[in-house]
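Taking it in order: structure first as structure tokens, then the write-up.
The values are calculated or read from the model by the stated rules, or taken from the named source; none is laboratory data. Note that this is a predicted model, so its numbers are computed, not measured. Backbone-built Cβ (ideal geometry, glycine too); neighbour counts: all protein chains shown. Areas reflect the complete protein model, heavy atoms only, side chains present, ligands, DNA and RNA absent. Shrake-Rupley method; radii C 1.70, N 1.55, O 1.52, S 1.80 Å.
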Amino acid sequence: MSTMESIIHIHYLSSTLLIILVFLSPVMATSIGVNYGQIADNLPPPEKVVPLVKSMGATRVKLYDADPHVLKAFANSGVEFIVSLGNEYLSDMKDPDKAQAWVKTNVQAYLPATKITCIAVGNEVLTSNDTSLSGNLMPAMENVYAALVNCNLDKQVSVTTAHSVAILGTSYPPSAGAFRKDLVTCVTQVLDFHCKTGSPFLINAYPYFAYQADPKQVPIDFVLFQPNQGIIDPVTNLHYDNMLYAQIDAVHSALASIGYKNMCVQISETGWPSKGDANELGATMDNARKYNCNLIKLVSQKKGTPLRPNSNLNVYVFALFNENLKPGPTSERNYGLFKPDGTPSYPLGFSGITNTVSTNSSSGSSSRSGSGGSSTPTSWSPQDGSSSSGYMSITSDSGRVLFCWKSLILRLHIVCCLMSLLFSQL
């Protein structure tokens, strides 16, 4: 065989192998994340929650702790986790030994079976108006990260903290986004940490609160992703047809204004309550359905914001369940996508668990008992038989790995043909 024939032969083989790899690769789509809070006494055991999370196509879950029952239940599920250190533990994390012990007990012990990818140290600390708490934030983050380095886990587990959108002093128009002047120093320290460790900047953004505070000035369609005229930023000339995008881009602008233009931003919480007190305008089942279903549809389209059109949205919906023991107004107990029995709180575009799941009544936490069995989630079809329900239609496949059996059989058949052709050339 001549040199030229050898080159052609190698090129042919490599091309054939590439085609085989393409045909064997599943089609991926952007997935939604979900917050899994447990301030309730009627939630199903974590074993029952695994198929529930999968039924909505979620591949990412954020906890507000590092619940061992949950982390064990989701072992080998493929679901990625953000585990959290509550604000009450930040002072303890100033001690490197305690930080090391926490990481070993709550993170290292569950890897690699449970895919813990991030640790959120504290929640909305900088807007808590507690100077001692905010003073503990950076030492805690640094010690937790150092503990990950000591365990050789820093390349697979990141460290961050979640902020309220109230960290902004200016948010309108989006191009004028700026951090509160009294928080710039603290924010800069956090951002320097993110740059050093490669972790994301987390924001909790709730257009619901903006609407509730000023319903006469904030159009309901603008906050619910419904058709509306939107707004045009006078500086960038960018058009915004929903408030969440405007809030996110205000954060991007605030970051750019202090020198962190390329910082990765993720939305660690956003949602809408399905019920509220008499003075909680907009907290209705229909509005919650529109907000969350339209949000999930947008995320599945893999579109960014007007200012960052090529950056996929990384969003965690708040929350998985209604939490009946949360303090505060009625809305606080009614953000859940699902009821404790595993059925949707309202038509969501995915079925939930088809059989009622068992719950218990132990005070203050979810059930820790029960079998690991569960019913198989079914595909969703429009529950009202029409497309006029006021929200974009979605399917339970949004955000999943789409790899159906018919497609698999067809691909395997093609691969067999290609393999036969390949070996005939050897």
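Here is how the numbers come out for the structure above:
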quantity: Checking A319 against (1) modelled with pLDDT under 90; (2) buried (at least 23 other Cβ atoms within 10 Å of the Cβ); (3) not aromatic (F, W, Y), the condition it does not meet; calculated: (1)
quantity: Qualifying positions in segment 230-273 - of a type in the set (S, T, N, Q) and within 25 Å of the chain's Cα centre (by Cα); calculated: N242, Q247, S253, N262, Q266, S268, T270
quantity: Qualifying residue in segment 24-32 (condition: among the β-branched types (V, I, T), assigned to a strand (DSSP E or B), open to solvent by less than 80 Å² (accessible area, probe 1.4 Å) and modelled with pLDDT of 50 or more); calculated: no
quantity: Filtered residue count, segment 296-315, keeping only those that are open to solvent by 30 Å² or more (accessible area, probe 1.4 Å) and either in a loop (DSSP other than H, G, I, E, B) or among the aliphatic types (A, V, I, L, M) (or both); calculated: 11
quantity: Search result, residues across segment 145-178 that are among the hydrophobic types (A, V, I, L, M, F, W, C) and either over 21 Å from the mean Cα position of the chain (by Cα) or open to solvent by 20 Å² or more (accessible area, probe 1.4 Å) (or both); calculated: A146, A147, L148, V149, C151, L153, V165, A166, L168, A176, A178
quantity: First in segment 240-255 and at pLDDT 95 or above and in a loop (DSSP other than H, G, I, E, B), second anywhere and of a type in the set (V, I, T) and open to solvent by less than 20 Å² (accessible area, probe 1.4 Å), Cβ under 8 Å, 6 or more apart; calculated: N242/V223
quantity: All positions within segment 280-295 that are touching a residue at least 24 places away in the same chain (Cβ under 8 Å) and open to solvent by 10 Å² or more (accessible area, probe 1.4 Å); calculated: E280, L281, G282, A283, M285, D286, N287, R289, K290
quantity: Set M138, M56: member being surrounded by 18 or more Cβ atoms within 10 Å (Cβ to Cβ) and in contact with a Leu (Cβ under 8 Å, 6 or more places away or on another chain); calculated: M56
quantity: Which numbered condition S300 misses (of (1) more than 24 Å from E124 (Cα to Cα); (2) polar (S, T, N, Q); (3) more than 18 Å from the chain's Cα centre (by Cα)); calculated: (3)
quantity: Tabulated pairs, segment 146-158, first at pLDDT 95 or above, second in a loop (DSSP other than H, G, I, E, B), C-beta under 6 angstrom, 6+ apart or interchain; calculated: L148/D154; L148/V157; S158/S199
quantity: Total residues in segment 179-229, condition among the polar types (S, T, N, Q), assigned to a helix (DSSP H, G or I) and within 25 Å of the chain's Cα centre (by Cα); calculated: 4
quantity: Exclusive hit being buried (at least 23 other Cβ atoms within 10 Å of the Cβ) and in a helix (DSSP H, G or I), set A99, A109; calculated: A99
